[in-house]
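The values are calculated or read from the model by the stated rules, or taken from the named source; none is laboratory data. These numbers come from a predicted model, not from an experiment. All Cβ positions, glycine included, derive from the backbone under ideal geometry; neighbour counts span all protein chains shown. Just so you know, the surface numbers come from the protein's heavy atoms only, side chains and all, with ligands and any DNA or RNA stripped out. Shrake-Rupley method; radii C 1.70, N 1.55, O 1.52, S 1.80 Å.
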Amino acid sequence: MTPPEQESSRNHKKMSLPRLKFFKHFWRRPPFDLLLYLVARTLIMFIRMVPHPAPRPIIQGVSLLWRTLDARHRKVVINNLILAGYPSNMSHQVRKIYEHFTQSLFETLNIPRLLTSGVSNTFLQIEEPEILKKAGKKALLVAGHLGNWEFAGLAITHKGLPLTALARPIDNPYLDKWITKIRSSTGLDLIPKG
């Protein structure tokens, strides 16, 4: 780079920093949180109209949109796959991960409907639930984010067993309150992480 180009590059970086800082702070403002909550609830209304299980083309389409728009989390997925030893060409694996999370999102947002319709009885099953009952009054269950972890907790509470879970609050307070209400409606007690 020649000196004038270096100077121009430095000025561009100086100009973009305040703009980036503005947007970073803008995202966490109460009016924007409310707007984001209202947009999310509108999208959720449409998601809840989709039958369970959601048709594959819908999952793939929403997953593609999410994967395309969400560069920050896509980079996290790629970095985690690299740390896990996956080859550098992992676009197929990234696509499958986003499809899984999209399917889990659709299922989780439909928990109230699935519980009241009785559909949940067919897929909320615990193998050997007596193991949990034999554990006595308290047991520590450590589970990773495998499958749909929201349904794992739901399967336990659905069998009449008490469950307290550790959960990180969502950054948007309106969405956090709403999702906490859904989780609590299933009999789950929550301890906020952090």
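Values for this structure:
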read-out: Accessible surface of the stretch 71-194, 1.4 Å probe, proportion on carbon and sulfur as whole %; value: 59 percent
read-out: 5 angstrom amide H check on Ala167, placed H, neighbours 5+ away; value: Ile191, Lys193
read-out: ³J(HN,Hα) computed for each position of the stretch 60-65 - Karplus, 6.51 cos²θ - 1.76 cosθ + 1.60, integer Hz, glycine/proline x; value: 5, x, 5, 4, 4, 4
read-out: Flagged links, alpha-carbon separation over 20 Å, of Lys138/Lys159; Lys134/Lys181; Lys134/Lys193; Lys96/Lys193; value: Lys134/Lys181; Lys134/Lys193; Lys96/Lys193
read-out: Cα→Cβ-extended label distance, 7 Å offset, between Lys138 and Asp171, nm; value: 3.4 nm
read-out: Probe 1.4 Å, protein heavy atoms only - accessible area per residue of the stretch 70-194 in square angstrom; value: 68 Å²
read-out: Relative frequency of Cα-Cα separations exceeding 18 Å in the stretch 42-194, percent; value: 65 percent
read-out: Phi to ³J(HN,Hα) by Karplus 6.51 cos²θ - 1.76 cosθ + 1.60 over the stretch 159-172, Hz, x for Gly, Pro; value: 8, x, 9, x, 8, 10, 10, 8, 9, 6, x, 6, 4, 7
